[in-house]
Amino acid sequence: MAAEVRKRFILNGYRLEPDTRLLLHNGQAVHLPHRPFQVLLYLIEHRDRLVSRSELLELFWEGRDVYDITLTKCVGKIRKALNDQMDQPRFIETRYAEGYRYVGPLEEKLVDDGSIVEIERTRGVKIVVEQEEIHSSEPTSEAVVNVPAPVSRVTLAASKMSRRAMLAVVACSVITVTAVAALVIDRRMNSAPSPPVNSIAVLPLKNLTGDAANEYLSDGLSETLINSLSKIDGLKVISRGSAFDFKDKEIDPREVGKRLGVGAVLEGTLNKTDKNIRVAVRLVSTDDGRVLWASENYERPSGDIFAIQDDLARGVTSGLKLKLNAQTEQKLVRHQTNSRDAYEAYLKGRYYWNERTIPHALDKAISSFADSIEMDPNFALAYSGLADSYVMSYWYTPMSSNEAFVKARQAAEKAVQLDDTLSEAHTSLAAVAENEWNWQLAETEYRRAIALNPKYATAHHWYALHLLGLNKPEQAIEEIQRAREGDPLSLPINADVGYVFYCARRYDEAITEYKKALELNPDFPMALQGLAQTYMKAGKPKDAVALIVRLPDDLRNGCTAGNLDGMAGERDEARRILAGEIQRSLREYVSPTCIAVVHSGLGDTDRALFWLEKSYREHSPDLSSLGEPMFDALRSDPRFIDLVNRVQAAK
């Protein structure tokens, strides 16, 4: 009967038995779960090299558990079993974001029921074959992955080897070679090249610096990568708004895939020291959670942020298995500025612009974009960001239209002058033109922006609202749907899908869409207010009033709430709001259209038209909304008809 040969590893007081899946310390069994045991064995058998994290994930989890914490916890269990420390390792060395290596003492033995044989590998690791009685153990239901080490040249000490032991060693070698061959064949059969990924969501990089002040950098690099990948034809890239909905959340990539309609997600981490920036990312299938590709560490000096940017873009396209032509490759790594300081100031500006609902965030955005422009007066994206910030300042802060749009127009025109191929610049100029009633220029610029980048969700979003002002609701519906395709979880876009249906007088559909937005965030003010307006027009005033009380204080005491209170018969409340808005207008800018809206809700047509005329004289951007249902009570009045005609005349 052939001798049965088993391998044993002696780890300075610990004994590892692969066949019985036992770890012993001074003869006592040490608890080590199935998967950590396998990982430890693999690290030992590949101790001559660093084993990457991605290799371990692919081999032992088949890429399904893809988060850093999964592997980290597994190695933590190994350390606990071996009484090892990460900061002063005796057995397992960690290379941050790269992988692990076994560095401890090791004696390797082969055992059978015969003699003892010493075998010496070329690496100088001693292997001993000795007699050992193996007692039967309870079978385990867990499958064990046996991954043998590469076979080295073996020198036999014939003077110490019996014929029986010699046969045992030969048998062990045959088994090992056979196992390796089977593993290689199995991997080749099951590792057919995966097809290119044609849809992706880039999740925000996790900021591991421990300093919230670096959020602009992790968010900014993520957004820059989104914008770069959007330039690749045939690749669906989810816009920032939806991708960032998963920020600081534990996510299942399969669930992300369902919600965003993508085949893969990219996730990663950013760390920063005084000297270096380190980024590591991985591409994960949303079909089964497998790791499709994992980067090595992208580590560069802090001043070399553009190199990190280029490394990310090239690495991810390689991981996606995309074949790019020279022109697309050039677009992918094109830099709008060569100034690191200007670029970082721009990233801060965009970070604050995206936080624009927070008090004073737009002031910080304007300041950051201005700093960026001062550092590089030819940085087109910074001018575009500055223009967007001034446009939003009219809607979110008490800034008059004259102040906001004069500055916005100057910045937008400069952005287009510096780079006529920049979709963001044309979108900024279109928004300025629309708010200044330059309807034809707005139409031209929105179309140009979308032609330059059909995946830019903001351009589709704002263009849809522009089409409403042109009294083209059906086209607006098509355009807002395109915006949502690119940014499916964006709260403003989802709320404005409801708004577009509301303006089209398709109230049942508007209610459905507003409710979808509220499923994303039950307290989102735009959706609550829009749904209240829709309920009112749909003949459900009680439902409308019930929503009004859920609004935050500024909106609860604002003009739209006053309009709804008036229409619902809550006249005292409507008058209270009206008095408050008039009083506020003495301290800061309040659009005359806002006050007109409350008068309209109270049924005071003359006062409503008086304030609308004042808006007309101010050239107020609000008058682009005269087609809204909230003005239907005025629509048959000749004075209102004349006002609409005068505004439309500019169109």
| request: Please find, among Leu429, Leu422, Leu418, Leu441, the residue that is outside the structural domain of Ser230 (by TED's automatic domain parsing), surrounded by fewer than 20 Cβ atoms within 10 Å (Cβ to Cβ) and over 18 Å from Lys472 (Cβ atoms). | output: Leu418
| query | So which residues in segment 231-240 are among the small types (Gly, Ala, Ser) and in contact with a Gly (Cβ under 9 Å, 6 or more places away or on another chain)? | reply | Ser239
| Considering segment 540-558 alone, what residues qualify as being in contact (Cβ under 8 Å) with a residue 24 or more places away in the chain and buried (at least 20 other Cβ atoms within 10 Å of the Cβ)? | Ala544, Val545, Gly558
| Across segment 468-508, what is the number of residues that are crowded, with 17+ Cβ neighbours inside 10 Å and part of a helix (DSSP H, G or I)? | 25
| Can you tell which of Ser401, Ser339, Ser393 is farther than 30 Å from Glu581 by Cβ and either at pLDDT 95 or above or not acidic (Asp, Glu) (or both)? | Ser339
| message | Take the conditions touching a strand residue (DSSP E or B) at 6+ places or on another chain (Cβ under 9 Å) and farther than 14 Å from Val39 by Cα and apply them to Val75. Does it pass? | response | no
| note | Among the residues of segment 303-313, the number that are in contact (Cβ under 8 Å) with a residue 12 or more places away in the chain and either loosely packed, with under 15 Cβ neighbours inside 10 Å or in contact with a strand residue (DSSP E or B) (Cβ under 6 Å, 6 or more places away or on another chain) (or both) is 3
| Is it true that some residue in segment 468-483 is out of contact with any Phe, Trp or Tyr (no Cβ under 7 Å at 6 or more places or on another chain) and under 19 Å from Phe244 (Cβ atoms)? | yes
| task | Give me a count of the residues in segment 425-451 that are closer than 15 Å to Gln410 by Cα and among the charged types (D, E, K, R). | result | 2
| query | Of all the helices (runs of 4 or more DSSP H) wholly in segment 27-101, which have at least 1 residues that are at pLDDT below 90 and either in the same structural domain as Glu267 (by TED's automatic domain parsing) or of a type in the set (S, T, N, Q) (or both)? | reply | 53-60, 68-82
| field | Only one of Leu418, Leu386, Leu422, Leu332 that is closer than 23 Å to Leu225 by Cα and under 22 Å from the mean Cα position of the chain (by Cα) | value | Leu332
| Do we have Ser400 as hydroxyl-bearing (Ser, Thr, Tyr) and either in the same structural domain as Ser591 (by TED's automatic domain parsing) or surrounded by fewer than 19 Cβ atoms within 10 Å (Cβ to Cβ) (or both) here? | yes
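Residues are listed down the side, and each one gets a yes or a no for (1) surrounded by fewer than 23 Cβ atoms within 10 Å (Cβ to Cβ); (2) within 14 Å of Ser600 (Cα to Cα); (3) in contact (Cβ under 8 Å) with a residue 24 or more places away in the chain; (4) not assigned by TED's automatic domain parsing to the domain that holds Asn521:
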| site | (1), (2), (3), (4) |
| --- | --- |
| Ala538 | yes, no, yes, no |
| Gly569 | yes, yes, yes, yes |
| Asp572 | yes, no, no, yes |
| Arg575 | yes, yes, yes, yes |
| Gly580 | yes, no, no, yes |
| Ser585 | yes, no, no, yes |
| task | Go through Lys331, Lys364 for me and flag whichever is closer than 23 Å to Asn378 by Cα, part of a helix (DSSP H, G or I) and at pLDDT below 80. | result | Lys331
| said: Looking only at segment 255-287, count every residue that is aliphatic (A, V, I, L, M) and assigned to a helix (DSSP H, G or I) and tell me the total. | reply: 2
| message | Among the residues of segment 509-541, what is the count of those that are within 25 Å of the chain's Cα centre (by Cα) and either among the hydrophobic types (A, V, I, L, M, F, W, C) or assigned to a helix (DSSP H, G or I) (or both)? | response | 12
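The values are calculated or read from the model by the stated rules, or taken from the named source; none is laboratory data. Source: prediction; values computed, not measured. Cβ sites come from the backbone with ideal geometry, for glycine too, and all protein chains shown count toward neighbours.
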